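Coordinate-derived values only; no laboratory data. Since the model is a prediction, treat every value here as computed from it, not as a measurement. With ideal geometry, Cβ positions are generated from the backbone for all residues, glycine too; neighbour counts draw on all protein chains shown.
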Amino acid sequence: MQALEQKILNEGIVLSDHVLKVDSFLNHQIDPVLMQQIGQEFAQRFKDCGITKIITIEASGIAPAVMAGLILGVPVIFARKNTSLTLKNDLYQAKVYSFTKQIESTITISNKYLKENDKVLVIDDFLANGQAALGLANLVGQANAEVVGIGIVIEKSFQTGRQLLLDQGYRVESLARLESLNDGKVTFVAAE
Ligand code: 5GP
């Protein structure tokens with residue numbers, strides 16, 4: 001996705017060979033116009049899949065997921081990283097090892113919002129080693145619903161996540177695919 005790649009080149013900050021900071025438009029401040037374009041792109045790529053729900057993870061997946069949900073006309077569920085007094089019973093939960101925080105956390109949704117006949121699109125901001133996406137897919141599985149695809153805003157193609165998800169039979173659509181962050185420089189996987 002051209003506009004996203006350009007934004008990454010203009011505003012992304014390479015923190016290391018493995019971590020890209022995009023706080024100016026995705027992970028802290030949000031660019032609503034770009035998010036709308038991202039939502040349109042996800043909606044376009046998954047339009048024939050009969051999606052009934054989108055699932056993402058707080059906080060940074062919410063903006064792109066909501067934009068896709070708006071265009072596809074389906075509700076968006078975000079998994080919580082902490083339970084609360086209002087999220088106590090009838091839960092689906094999965095453990096996820098966080099790439100950026102390097103800790104394991106439990107993600108949670110209420111079982112009210114996913115049902116057996118749901119066709120679910122999983123959306124997340126980044127794909128590194130695939131643990132967040134797999135955790136979300138696990139929640140969908142607990143509801144006996146179907147994951148019809150995984151939509152990623154920024155995939156770091158030099159990490160293991162994409163292959164892991166493909167090996168498990170998931171369709172993965174990433175809007176920007178980073179080939180490398182070596183030497184402080186972003187390069188993209190050439191379009192097929
Ligand atoms: P995974 O679960 O695929 O290993 O990592 C994906 C999750 O880690 C995403 O939800 C995202 O929050 C975070 N993440 C992974 N790599 C990066 C990165 O390079 N930059 C930022 N900002 N977040 C990342």
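For segment 6-19, indicate whether the set of residues that are within 15 Å of the ligand (Cβ to nearest atom), crowded, with 19+ Cβ neighbours inside 10 Å and over 21 Å from A132 (Cβ atoms) is non-empty. Yes - at least one qualifying residue is present in segment 6-19. Against the test of being among the β-branched types (V, I, T), more than 15 Å from the chain's Cα centre (by Cα) and in a helix (DSSP H, G or I), the options I51, I8 yield a single qualifying residue, I8.
From N117, N144, grab the single residue that is farther than 22 Å from V22 by Cβ, touching a residue at least 60 places away in the same chain (Cβ under 8 Å) and assigned to a loop (DSSP other than H, G, I, E, B). Just one listed residue meets the conditions, N117.
How many of the residues making up segment 102-114 are more than 17 Å from the chain's Cα centre (by Cα), of a type in the set (S, T, N, Q) and part of a strand (DSSP E or B)? The qualifying residues number 1.
For F99, indicate whether it is assigned to a loop (DSSP other than H, G, I, E, B) and either of a type in the set (V, I, T) or touching a strand residue (DSSP E or B) at 6+ places or on another chain (Cβ under 9 Å) (or both). Yes: the conditions hold for F99.
For segment 26-40, a residue qualifies if it is in contact with an Asp or Glu (Cβ under 8 Å, 6 or more places away or on another chain) and within 11 Å of the ligand (Cβ to nearest atom), and the qualifying residues are L26, N27.
Summed over segment 94-104, the residues that are more than 10 Å from the ligand (Cβ to nearest atom) and crowded, with 16+ Cβ neighbours inside 10 Å give a count of 1. Of the residues making up segment 22-46, just one is without any contact (Cβ under 8 Å) to a residue 24 or more places away in the chain, surrounded by 14 or more Cβ atoms within 10 Å (Cβ to Cβ) and either among the polar types (S, T, N, Q) or over 17 Å from S174 (Cβ atoms) (or both), namely S24. The single residue among F25, F78, F42 that is assigned to a loop (DSSP other than H, G, I, E, B) and closer than 26 Å to S98 by Cβ turns out to be F25.
Residues that are part of a loop (DSSP other than H, G, I, E, B) and in contact (Cβ under 8 Å) with a residue 24 or more places away in the chain were ranked within segment 54-73; the one that is nearest to the chain's Cα centre (by Cα) is G61. Annotation: of all residues in segment 120-141 being of a type outside the set (G, A, S) and not in a strand (DSSP E or B), the one that is farthest from the ligand (Cβ to nearest atom) is V140.
Has segment 83-93 got any residue that is within 16 Å of the ligand (Cβ to nearest atom), closer than 21 Å to N138 by Cβ, surrounded by 18 or more Cβ atoms within 10 Å (Cβ to Cβ) and not charged (D, E, K, R)?
Of segment 83-93, the ones within 16 Å of the ligand (Cβ to nearest atom) are none.
Scanning segment 83-93, I find no residue that is within 16 Å of the ligand (Cβ to nearest atom), closer than 21 Å to N138 by Cβ, surrounded by 18 or more Cβ atoms within 10 Å (Cβ to Cβ) and not charged (D, E, K, R), so the answer is no.
Annotation: of all residues in segment 158-183 being among the small types (G, A, S) and within 12 Å of the ligand (Cβ to nearest atom), the one that is surrounded by the fewest Cβ atoms within 10 Å (Cβ to Cβ) is S174. Of the residues screened, L114 is not one that is of a type outside the set (D, E, K, R) and either touching a Gly at 6+ places or on another chain (Cβ under 9 Å) or within 14 Å of the ligand (Cβ to nearest atom) (or both).
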